[in-house]
Amino acid sequence: MTETATPHAGPAEPDISPVPDAAGHFVVGAVGIAEKGGACEAPGVAYGGRFAPEALMAALDELAAAYEQARKDPAFRAELDGLLRGYAGRPTLLYHAERFGQQAGGCTVLLKREDLAHTGSHKINNVLGQVLLAGRMGKTRVIAETGAGQHGVATATACALLGLDCAVYMGEEDTRRQALNVSRMRMLGAEVIPVTTGTRTLKDAMNEAFRDWVRSVGYTHYCIGSVGGPHPFPMMVRDFQRVIGLEAREQVLETTGRLPAFIPDTGVRLIGCEAGGDGLDTGRHAATLTGGSAGVLHGMRTFVLQDAEGQTLGTHSISAGLDYPGVGPEHVWLMETGRAQYRAVTDAEAMHAFSVLCTTEGIIPAIESAHALAGALEAGRELGPGGLIVVNLSGRGDKDVDTASKWFGV
């Protein structure tokens, strides 16, 4: 997001920043300290890393090495690019949501239409890359966790395309909320395994997927869907999703002559919107950065919703895909360095934005994306008519029609 018209003074390299170290750490607060007779560096605080059982260390090493080779291999890159263009439908559109923008203080709101990608969300970008990599590593089976079901659908899709067995772990509560996507996964040939432990949501699905991977690591690849988990997953998922930002940068500059939201563009504000549920004061939310603290979850050091003893707390969000007590380590880096600001969006605010987009633009968004839309309505009123906001519309709302119908009473 940007407050003023920023003239483009030449193509700033859209590099990947920050770059984690070799062990997958995003370091906050490291500073050089001059000392008598030499210099040293204060270590700062490291997020990310690899916190995993010994049974998985060899598999993680294998994955890191395979990914490092693949990302430098022109043949792998060409095969993935071909699938992204010819199968997933990239590049996705950048759409000027003019009437929605009128509700957002009159500013310009551009939607990066990941809802138009094959399978209906951005998840296909990362999954195609990981499933190709699984085949390259000689794995015959892929497992995944899913909350809203979009990552599960994308994984089932890629496995069907490339001829690998597929199993998807999904919290029992989410199988109810996202019944349409459960049917889609099964039609695509995947085994959907309901998880009945804990809160029966995304956290618990991820727990069970890790347990499966420990048992079957010799022939199975665990395709994590978000920028989380032990290294190299956060880096790998981020890199496979980078295509969204590369396209958006080029499209926004072509459309407006102004800078879109890239981390190195210091004239651009970055605003993240997380699930505020019923409100931070109620304790029924999933706003990890706003209401959490440093801890370890699912193989990474990050921010976690936890009690004083470090036990993970239950979460709540109307959005199955955001109902999770952790967050990717790079978001912690962005927050603690001040590069990005994070806001908690309540269920009510997200559903209001959901309705506004439906009625002003004829687009039904995923409820996950509706949280970002709510942030755009708020930020737009702060910026006014000169503002420019780019929203990643991460997915379409077919899967959420039942939830939305109950919310609105229609």
Based on DSSP, what percent of beta bridges with both residues in the chain are antiparallel, to the nearest 5?
45 percent
In sequence order, calculated HN-Hα J values of segment 115-124 (Karplus, 6.51, -1.76, 1.60; Hz; x Gly/Pro):
5, 8, 5, 4, 6, x, 7, 5, 4, 4
What number do you get for segment 272-324 when its Cα radius of gyration is normalised by 2.2 N^0.38 Å, N = residues?
1.05
Answer in debye to the nearest 20: the dipole magnitude of the chain about its Cα centre, from +1 Lys/Arg and -1 Asp/Glu charges placed on Cβ, is 640 debye
The chain: calculated mean residue ellipticity at 222 nm from DSSP helix runs of at least 4, using -39500 (n - 2.57)
-13000 deg cm²/dmol
Residues with amide H under 5 Å of residue 270's amide H, sequence separation 5 or more or different chain, H placed in the peptide plane at 1.01 Å from N; which?
341
Straight-line reach only, C-alpha to C-alpha below 18 angstrom: list the aspartates and glutamates that residue 72 could link to, leaving out same-chain residues fewer than 8 apart.
15, 21, 61, 62, 81, 239
Starting from the amide H of residue 145, placed 1.01 Å from N in the peptide plane, find each other amide H under 5 Å away whose residue is 5 or more places distant or on another chain.
169, 225
Quick check for me: using +1 on Lys/Arg Cβ and -1 on Asp/Glu Cβ, what's the dipole size of segment 151-238 about its Cα centre, in debye to the nearest 20?
160 debye
Quick one: give the max-minus-min coordinate of the C-alpha atoms of segment 267-393 along each principal axis, largest first, in Å.
46, 32, 25
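Could you tell me what % of all Cα pairs in the chain have separations over 27 Å? Don't skip to the end; give the middle numbers.
Working: 41701 of 83845 pairs.
Cα-Cα pairs of the chain separated by over 27 Å account for 50 percent.
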In percent, what relative contact order does the chain have, based on Cα pairs under 8 Å that are 6 or more apart in sequence?
23 percent
Please work out, to two decimal places, the log10 of the ratio I(q)/I(0) at q = 0.16, 0.20 Å⁻¹ from a Debye calculation in which every Cα of segment 292-357 carries one identical scatterer.
-0.65, -0.92
Pop the C-beta distance of residue 140 and residue 348 into the FRET formula with R0 = 60 Å and round what comes out to the nearest 0.05.
0.85
Nearest-10 value in Å² for the accessible area of residue 410, using the 1.4 Å probe:
140 Å²
Compactness of segment 241-337, expressed as Rg and Dmax over alpha-carbon positions, Å:
16.2, 51
Viscosity 1.567 mPa s, temperature 4 °C: give me the Stokes-Einstein translational D for segment 91-140 in µm²/s, with Rh taken as the Kirkwood radius over C-alpha pairs.
99 µm²/s
Whole-Hz ³J(HN,Hα) from phi, Karplus 6.51 cos²θ - 1.76 cosθ + 1.60, for segment 248-259, glycine and proline x
4, 4, 5, 5, 5, 4, 5, 7, 10, x, 10, 7
Percent breakdown of C-alpha pair distances by 5 Å bin, ordered from the shortest bin, for segment 342-410
4, 18, 28, 27, 15, 6, 3, 0
With no solvent and one equal point scatterer per Cα, compute the Debye intensity ratio I(q)/I(0) for segment 80-238 at 0.09, 0.10 Å⁻¹ and report its log10, rounded to two decimals.
-0.32, -0.39
Calculate, axis by axis, the spread of Cα positions in segment 325-380 along the three principal axes, and write the results as whole Å, longest axis first.
38, 25, 17
Cα-based Rg and Dmax for segment 150-237, where Dmax is the largest Cα-Cα distance (Å)
12.6, 34
When only Cα pairs under 8 Å and 6 or more residues apart are kept, what is the percent relative contact order across segment 286-410?
18 percent
Leaving out ligands, DNA and RNA, and with a 1.4 Å probe, what % of the accessible surface on segment 219-333 is carbon or sulfur?
52 percent
Between the residues 70, 46, 356, the Cα farthest towards the positive end of the dipole of the chain, that dipole coming from +1 and -1 charges on the beta-carbon of Lys, Arg, Asp and Glu, is from 70
In straight Cα distance, which lysines are under 25 Å from residue 399, not counting same-chain residues fewer than 8 positions off?
112, 123, 203
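The values are calculated or read from the model by the stated rules, or taken from the named source; none is laboratory data. Note that the structure is a prediction, hence the values are computed from the model and not measured. Cβ: placed from backbone, ideal geometry, glycine included. Neighbour counts: every protein chain shown. Only protein heavy atoms, including side chains, enter the accessible area calculation; ligands, DNA and RNA are left aside. Shrake-Rupley method; radii C 1.70, N 1.55, O 1.52, S 1.80 Å.
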